[in-house]
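A short worksheet on the structure shown next.
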Amino acid sequence: MALHPVLAAVTDRIVERSRGTRAAYLARHRAAYRQKVERSQLGCTNLAHAFAAMPAQDKILLKEASRPNLAIVSAYNDMLSAHQPLAAFPAWIKQAAQSAGATAQFAGGVPAMCDGVTQGQDGMELSLFSRDVIAMATAVALSHQMFDAALYLGVCDKIVPGLLIGALTFGHLPAVFVPAGPMTTGMSNDEKAKTRQLFAQGKIGRAQLLEAESKSYHGPGTCTFYGTANSNQMLMEIMGLHLPGSAFINPNTPLREALTYEAALRAVAISAQGERFTPIAEVIDEKAIVNGIVGLLATGGSTNHTLHLVAIARAAGIHINWDDFSELSAVVPLLARVYPNGKADVNHFHAAGGMALVIRELLGAGLLHGDVNTVMGPGLEQYTQEPFLDDGALVWRDAASASHDPDVLRPAADPFSADGGLKLMTGNLGRAIIKVSAVKPEHRVIEAPALVFDDQNAVLDAFKRGELTRDFVAVIRFQGPRANGMPELHKLTPALSVLQDQGLRVALVTDGRMSGASGKVPAAIHVSPEAVSGGAIARVRNGDLMRVDADTGELAVLVPAAEWAAREAASIDLSHKQHGVGRELFAVFRQNADAAEAGAASFRLPDWQE
């Protein structure tokens, strides 16, 4: 199938835009390809330190330059359900490596925080910056120059992007990403959403809410809605960094263990000493990044990746922007409806055909680059297969010929919608992103007076006082990366949903994030420039007529141009956002954060980014 012309044009534009930076990135990392194995560059004292605690047999192998040594970088902790299953993985990986005549060492751990735990709390203001901490922690783990390939164990929101950014700074090393899988299905997402709305209205108490939430989040594995965590897993698969079909296999199952074992064998095979050397610098290129954007759009994935994918691409010397997302969204059909874009969860999505079917449909429609490098070798076609156990042996079979549930997953010829539902918003407020996969057409154009808030709790307080029973656009400013770390404002979803269900016309506009679970209320998010940098969102006043038009992409304050130009931007005292729950330690992150469209990174990457 010929490439769709828009896919080809956007890719060509990205290649041209990135020509100099990508060439510099590749030149730096290719200089390290197929040189001596990493540890052979160490002195004897260095090497002795590095394997002092290893078993005797492993020491023998580590002394041999011909034997690959695998790094394990893990986000394990046992508080978070998504990462708790990772406890068992290092032992499996080491066993697999030994079976292939290689070794593996636990190189280092990275932090893993949960937006579900910190949602609406002060700790959420560390969340986005934790991505950069994870990237740096990954670099520290790999800095010992002991490794010939790496396996990255992580799942949730900022963890996988952080691991990938870190991995790309070691572009000469092959990389395999190893997921843990989603928890089994609990309370239906529809029932969970209704319970949250009842609590927001004061119709049920905290005990009833906690009981419902406990039935939803009830065991090991990723949360089962299609937020950022599961969007991460989709991305790693469609970008060729997972084993095919491994994203949504539940933890604590024989298949999950077999896939983890096989991931280690694959890392050995693609190491410099293996049969098919495949460094990550050659996997994550312009085509892989475009494939990631297409996958995000086709599945209705997380808006957080309009930040993360930009930062990931920059780490590989590639420059993308929101125009690229928006233009691709116009031609990429929506193939999946997974909560919050539908009632099904990711287990249902996987059972309906999952990633193998999505990739096959997109390839058939000319909407993916098939000629890419992956950890499995050249070509994305092999990702149209699913893993199974056949008498205990891991095998792959072709995906189902059709969706097992067309209410959840559809072919490209008969999608849920002809576009991906992600749009660039522009106007006199700047640039923003809106996701309308779950927004009904009648709610996509809102023209109403502004109600301006500088904190999400102020919105909820006004809701509880009954002050929001009218049409309005909630403008929540000073929520950008430089103001307070750009927290998610998902805590507002139940209240705004209640108002919309009452027939009121409501929308949200913010320089913060709304989360991977952006739902049925129209939300123009990531407004740039942000308020603290003098962005136009800081000029909005209560009562200004605003227009949020997701159909045309217009985001505007409807006041005379001269009056708008003459207004001064508001400022507020943010000192109370600079201490508590560790925020003191992140002052340098806030001071140096890029704009949202640049990825909101707080560090400056090497000279290929200049």
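What number goes with the only condition from (1) out of contact with any Leu (no Cβ under 6 Å at 6 or more places or on another chain); (2) without any contact (Cβ under 8 Å) to a residue 60 or more places away in the chain that residue 474 does not pass?
Result: residue 474 passes all but (1).
Counting just the residues of segment 225-256 that are of a type in the set (A, V, I, L, M, F, W, C) and modelled with pLDDT under 95, which one comes out nearest to residue 157 (Cα to Cα)?
Looking at the filtered set, the residue picked out is 229.
Taking the condition free of Cβ contacts under 8 Å to residues at least 40 places away in the same chain and at positive phi, does residue 421 pass?
No.
Can you say whether residue 544 is closer than 26 Å to residue 324 by Cα, surrounded by fewer than 22 Cβ atoms within 10 Å (Cβ to Cβ) and of a type outside the set (Val, Ile, Thr), as far as the supplied structure shows?
no
Take the residues in segment 225-249 that are touching a Ser or Thr at 6+ places or on another chain (Cβ under 6 Å) and part of a loop (DSSP other than H, G, I, E, B), then tell me which one is nearest to residue 90 (Cα to Cα).
240
Which of the residues that make up segment 257-276 are more than 23 Å from residue 155 (Cβ to Cβ) and part of a loop (DSSP other than H, G, I, E, B)?
Hits for segment 257-276 are 271, 272, 273, 274, 275, 276.
For the subset of segment 483-526 comprising residues that are of a type in the set (Val, Ile, Thr) and more than 19 Å from the chain's Cα centre (by Cα), which member is modelled with the lowest pLDDT?
Top of the filtered list is 493.
Could you list, in sequence order, the residues of segment 557-576 that are loosely packed, with under 13 Cβ neighbours inside 10 Å, outside any helix (DSSP H, G or I) and at pLDDT below 95?
Scanning segment 557-576 gives 568, 571, 573.
Among the residues of segment 516-544, how many are within 21 Å of residue 577 (Cα to Cα) and part of a loop (DSSP other than H, G, I, E, B)?
Here the count works out to 4.
Only one of (1) touching a residue at least 40 places away in the same chain (Cβ under 8 Å); (2) touching a strand residue (DSSP E or B) at 6+ places or on another chain (Cβ under 6 Å) fails for residue 395. Which number is that?
Only one criterion is unmet by residue 395, namely (1).
Can residue 39 be described as basic (Lys, Arg) and surrounded by fewer than 16 Cβ atoms within 10 Å (Cβ to Cβ)?
Here the answer is no, as residue 39 does not meet what is asked.
Please go through (1) within 30 Å of residue 28 (Cβ to Cβ); (2) at pLDDT 95 or above for residue 259 and return the number of the only condition it doesn't satisfy.
Single failed check for residue 259: (1).
Tell me whether segment 61-72 contains one or more residues that are farther than 25 Å from residue 284 by Cα, among the basic types (Lys, Arg) and at pLDDT below 75.
Taking every residue of segment 61-72 in turn, at least one turns out to be farther than 25 Å from residue 284 by Cα, among the basic types (Lys, Arg) and at pLDDT below 75.
Name the residue that is surrounded by the most Cβ atoms within 10 Å (Cβ to Cβ), counting only residues in segment 363-389 that are of a type in the set (Ser, Thr, Tyr) and in contact with an Asp or Glu (Cβ under 8 Å, 6 or more places away or on another chain).
Top of the filtered list is 383.
Can you find, within segment 161-212, the residue that is surrounded by the fewest Cβ atoms within 10 Å (Cβ to Cβ) among those that are small (Gly, Ala, Ser) and within 30 Å of residue 373 (Cα to Cα)?
171
Table: residues versus (1) outside the structural domain of residue 130 (by TED's automatic domain parsing); (2) surrounded by fewer than 13 Cβ atoms within 10 Å (Cβ to Cβ); (3) within 35 Å of the chain's Cα centre (by Cα).
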position: 27; (1), (2), (3): no, yes, yes
position: 33; (1), (2), (3): no, no, yes
position: 47; (1), (2), (3): no, no, no
position: 53; (1), (2), (3): no, yes, no
position: 72; (1), (2), (3): no, no, yes
position: 85; (1), (2), (3): no, no, yes
position: 97; (1), (2), (3): no, no, yes
position: 100; (1), (2), (3): no, no, yes
position: 105; (1), (2), (3): no, no, yes
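Looking at 311, 356, which one is farther than 17 Å from residue 287 by Cα and in a helix (DSSP H, G or I)?
Sole residue among the options that is farther than 17 Å from residue 287 by Cα and in a helix (DSSP H, G or I): 356.
Looking at residue 252 and the list (1) of a type in the set (S, T, N, Q); (2) in a helix (DSSP H, G or I); (3) out of contact with any Ser or Thr (no Cβ under 9 Å at 6 or more places or on another chain), which single condition is not satisfied?
Going through (1) of a type in the set (S, T, N, Q); (2) in a helix (DSSP H, G or I); (3) out of contact with any Ser or Thr (no Cβ under 9 Å at 6 or more places or on another chain) one by one, residue 252 breaks only (2).
Among the residues of segment 277-304, which ones are under 18 Å from residue 159 (Cα atoms) and in contact with a Ser or Thr (Cβ under 6 Å, 6 or more places away or on another chain)?
301, 302, 303, 304
Inside segment 393-495, counting only strands (runs of 3 or more DSSP E) that do not spill past its ends, which hold 2 or more residues that are aliphatic (A, V, I, L, M) and surrounded by fewer than 23 Cβ atoms within 10 Å (Cβ to Cβ)?
Result: 393-398, 445-453.
Can residue 536 be described as under 21 Å from the mean Cα position of the chain (by Cα) and crowded, with 16+ Cβ neighbours inside 10 Å?
no
Select from segment 496-515 the residues that are small (Gly, Ala, Ser) and not in a loop (DSSP other than H, G, I, E, B) and write down the one among them that is farthest from residue 588 (Cα to Cα).
Of everything passing the filter in segment 496-515, 497 is farthest from residue 588 (Cα to Cα).
Given the condition modelled with pLDDT of 80 or more, among the hydrophobic types (A, V, I, L, M, F, W, C) and part of a helix (DSSP H, G or I), answer yes or no: does some residue in segment 210-224 qualify?
No; the residues of segment 210-224 include none that is modelled with pLDDT of 80 or more, among the hydrophobic types (A, V, I, L, M, F, W, C) and part of a helix (DSSP H, G or I).
Need the failing condition index for residue 323 against (1) within 30 Å of residue 12 (Cβ to Cβ); (2) assigned to a helix (DSSP H, G or I); (3) touching a residue at least 60 places away in the same chain (Cβ under 8 Å); (4) in contact with a Phe, Trp or Tyr (Cβ under 9 Å, 6 or more places away or on another chain), just the number.
With (1) within 30 Å of residue 12 (Cβ to Cβ); (2) assigned to a helix (DSSP H, G or I); (3) touching a residue at least 60 places away in the same chain (Cβ under 8 Å); (4) in contact with a Phe, Trp or Tyr (Cβ under 9 Å, 6 or more places away or on another chain) applied to residue 323, the lone miss is (4).
Looking at segment 363-374, I want the residues that are within 9 Å of residue 288 (Cβ to Cβ) and have a partner that is assigned to a loop (DSSP other than H, G, I, E, B) with Cβ atoms under 7 Å, at least 6 apart or on another chain. Which pairs are those?
372/240; 372/380; 373/240; 373/278; 374/240; 374/380
Show the residue pairs that are 6+ apart or on different chains and have beta-carbon atoms under 8 Å apart, the first residue being within segment 577-588 and assigned to a helix (DSSP H, G or I), the second being small (Gly, Ala, Ser).
Correct list of pairs: 577/483; 583/485; 586/485; 588/602.
The values are calculated or read from the model by the stated rules, or taken from the named source; none is laboratory data. Source: prediction; values computed, not measured. A quick note on method: Cβ atoms are made from the backbone with ideal geometry, for glycine too, and the neighbour counts reach across all protein chains shown.
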